[in-house]
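The values are calculated or read from the model by the stated rules, or taken from the named source; none is laboratory data. As the structure is a computational prediction, the values presented were derived from the model and not from experiment. Note that we place each Cβ from the backbone using ideal geometry, even for glycine, and neighbour counts take in every protein chain shown.
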Amino acid sequence: MKKLLKKYALHPARGLLASLIVAASVAIAAVATPANAEPVLQSAPWSGPLYLWVMDNGVGSQKAVHKLVKKFRRDTGIPVEVRVLNWATAYAAISEALANPDSVADFPDVLQLGSTWVPHFASIGKLRVLDTLLAQIDSSRFYPELFKASRMVGSPDVYSFPWFLDVRVFFANEWLWHSLDIQDSDISDFSRFLGSLRAINRGELKNSEMKRVAAFALPGKDDWTGPQQMAPFVWSYGGEFLDCEEGSCRSGLLDSLTLAGISVFVKILGDNELAPLSLSENSAQNAARFVNSEVLIHYGSSELVRQLDYPEDVGGLRSSAIADDGIMILPSPEGPRAHYTFVGGSHLALPKHGDSVRYAAAEMLLSYLLRSDNIDGFCRAVGFLPSDRGLISIWNQDRRYSQVIQSLEIGKSFPNIPEWGEIECILNKLTNDIGTALSLNENEDIRGREVAKLLVQAHKDVNNVLRRDDSLDEAAALKMVENALLADIPEVLPDDLKFEHPTSLYPMWRAVDIIIVVAFVLISLAVIAAFVCLIVCLVRRKK
């Protein structure tokens, strides 16, 4: 491997040292930054409180937010009350609040939104235009792919600013990966990736507790991340969920390149020898198996790295099996036409409500949360990458994040159109329904027909959302999709993989640890024995 997240780099003490170094770098950068890039806080007539709505963004996030608003009150005198929403119910709760602002006692002055939600709420007139803040908040600071969601397609107005990045990468169990002696070239493209998954699962890989390890897993049941999981396959084969030209979009689900990528996704999902248990588990269960060293490769987001620093009693992974084995970042497989991974994240916005005095205070809080030092502090607490490009370059000096950051070069987000939220629901249902269809049928022909029906229906549903007339020949479309799904997908098996007993492959650092402990015990016993002998000798001399 070219660059690995070595286990010693994840040691808490070294992680703390890295954090201190980066914190100092941020402080130096802040001093060197032009004054207009960081707004100066001034007292405001509004006495508060302001209300900030955020989601539960993982371990450490709530503590980090409360720390920020406490600092804000100290600097401005304005108190801030925080409401924490659950991601699963946040969209519905926000929609209800924005539709009936006067009925919500703690209506949000500043609001966290998923990046794909911004265009929807902006299009129905529920968010303030933030163009006047561009003089204070330099939009060029932000990672461009995520800043796209701050605007709607075809509109120059800014409705939000990016807060943090959610980029998905392929993680691997470091000890198991090296025990197989597998190389980058063995997963460099999807044909090799499929071949390696099949070879690994045929070899019945086991972890240190002699439990069977699955090579990979996709969420195929009761999941909410289907589009994010499917996206790298679709995009890397040259496809798109939507075909958009000059702001006008239609479904791209039945385009030949999109179907080629979906076919690979469906193949992995439904083939027990490629990704066992996928049809019975969701993404949270996939992640849990990876943490327990029961899955070799996991497609997840960057907060996993930070969770290794937290103890188990606060939801961290410091005592987990994966913390013992170590994690590393794998290069994502390349498709025949492109090379992409999914990137999303969260934005901060100002809902429409209240008078100008309160708006001024809300703008102050928004600007404060988006200051480079505050973005850095929050992101370091939760492990998501910062939205600020200057901070990203600093984080890149930390080897725990460097390869995650490299994946931003191939990062791609979903379309920033108002209808995407509804379309994403259709795609989520599609992936779950595909999982159900595959689990109910073992015959490949029947599977192909059932999945083809689901794809054609999803295509029609997407076009309905987009208000596109669709003169689809359904019978012809079903046959075309079925043929695409049943087409042969080449696999290239690796030349040589090792499947020895795990205890014989224990990493050197584990062997060294054992030797050190045994030596320490022996030396301690020798010292105690010598001390006892000395006491005995002294007692005898006195007699």
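Give the range 411-432 a look and list any residue that's out of contact with any Asp or Glu (no Cβ under 6 Å at 6 or more places or on another chain), of a type in the set (A, V, I, L, M, F, W, C) and buried (at least 19 other Cβ atoms within 10 Å of the Cβ), or say none. Selection gives Phe414, Ile417, Trp420, Ile423, Leu427, Leu430. Picking from residues in the range 175-197 that are charged (D, E, K, R), part of a helix (DSSP H, G or I) and modelled with pLDDT under 95, the one that is nearest to Met328 (Cα to Cα) is Asp184.
Does the range 235-242 contain at least one residue that is in contact with a Cys (Cβ under 7 Å, 6 or more places away or on another chain), touching a residue at least 60 places away in the same chain (Cβ under 8 Å), in the same structural domain as Leu455 (by TED's automatic domain parsing) and over 19 Å from Ser278 (Cα atoms)? Yes, the conditions are met somewhere in the range 235-242.
Screening Phe142, Phe147, Phe121 for residues that are over 21 Å from the mean Cα position of the chain (by Cα) and among the aromatic types (Phe, Trp, Tyr) leaves exactly one candidate, Phe121. Yes or no: the range 83-96 includes at least one residue that is modelled with pLDDT under 95, over 30 Å from Ala323 (Cβ atoms) and surrounded by fewer than 15 Cβ atoms within 10 Å (Cβ to Cβ). For the range 83-96, residues modelled with pLDDT under 95, over 30 Å from Ala323 (Cβ atoms) and surrounded by fewer than 15 Cβ atoms within 10 Å (Cβ to Cβ): present. The criterion of at least 3 residues that are closer than 19 Å to His339 by Cα is met by the following strands (runs of 3 or more DSSP E) wholly inside the range 206-306: 297-301. Looking at the range 141-172, which of its residues are farther than 16 Å from Gly344 by Cα and at pLDDT below 95? Val153, Gly154, Ser155, Pro156 - these are the residues of the range 141-172 that are farther than 16 Å from Gly344 by Cα and at pLDDT below 95.
If I filter the range 295-309 for residues that are modelled with pLDDT under 95, touching a Leu at 6+ places or on another chain (Cβ under 6 Å), surrounded by 20 or more Cβ atoms within 10 Å (Cβ to Cβ) and polar (S, T, N, Q), do I get at least one hit?
Yes: one or more hits.
Looking at this structure, is Ser346 among the polar types (S, T, N, Q) and either out of contact with any helix residue (DSSP H, G or I) (no Cβ under 8 Å at 6 or more places or on another chain) or assigned to a strand (DSSP E or B) (or both)? Yes; evaluated as a whole, the condition is true for this residue.
Cβ separations smaller than 6 Å between residues 6+ apart or across chains give the following pairs from the range 56-72 residues that are farther than 18 Å from Leu348 by Cα to residues that are part of a loop (DSSP other than H, G, I, E, B) and aromatic (Phe, Trp, Tyr): Val59/Tyr310. Applying the set (1) surrounded by fewer than 21 Cβ atoms within 10 Å (Cβ to Cβ); (2) outside the structural domain of Arg73 (by TED's automatic domain parsing); (3) at pLDDT 95 or above to Arg389 leaves exactly one unmet item: (2).
Of the residues Lys211, Lys221, only one is of a type in the set (Lys, Arg) and in contact with a helix residue (DSSP H, G or I) (Cβ under 7 Å, 6 or more places away or on another chain); which? Let's see the steps before the verdict.
Numbers: Lys211 fails: in contact with a helix residue (DSSP H, G or I) (Cβ under 7 Å, 6 or more places away or on another chain).
Result: Lys221 is the single residue among Lys211, Lys221 that is of a type in the set (Lys, Arg) and in contact with a helix residue (DSSP H, G or I) (Cβ under 7 Å, 6 or more places away or on another chain).
As a summary of the residue check, Gly377 satisfies the conditions (1) of a type in the set (Gly, Ala, Ser); (2) assigned to a loop (DSSP other than H, G, I, E, B); (3) assigned by TED's automatic domain parsing to the domain that holds Asn57 except for the one numbered (2). Pairing each residue of the range 206-218 that is farther than 14 Å from Ala321 by Cα with any residue that is among the small types (Gly, Ala, Ser) and assigned to a loop (DSSP other than H, G, I, E, B), provided the two are 6+ apart or on different chains, yields C-beta distances under 6 Å for Phe216/Ala275; Ala217/Ala275; Leu218/Ala275. Would you check which residues across the range 246-262 are surrounded by fewer than 23 Cβ atoms within 10 Å (Cβ to Cβ) and touching an Asp or Glu at 6+ places or on another chain (Cβ under 9 Å) and list them? Across the range 246-262, the qualifying residues are Arg250, Gly252, Asp255, Leu257.
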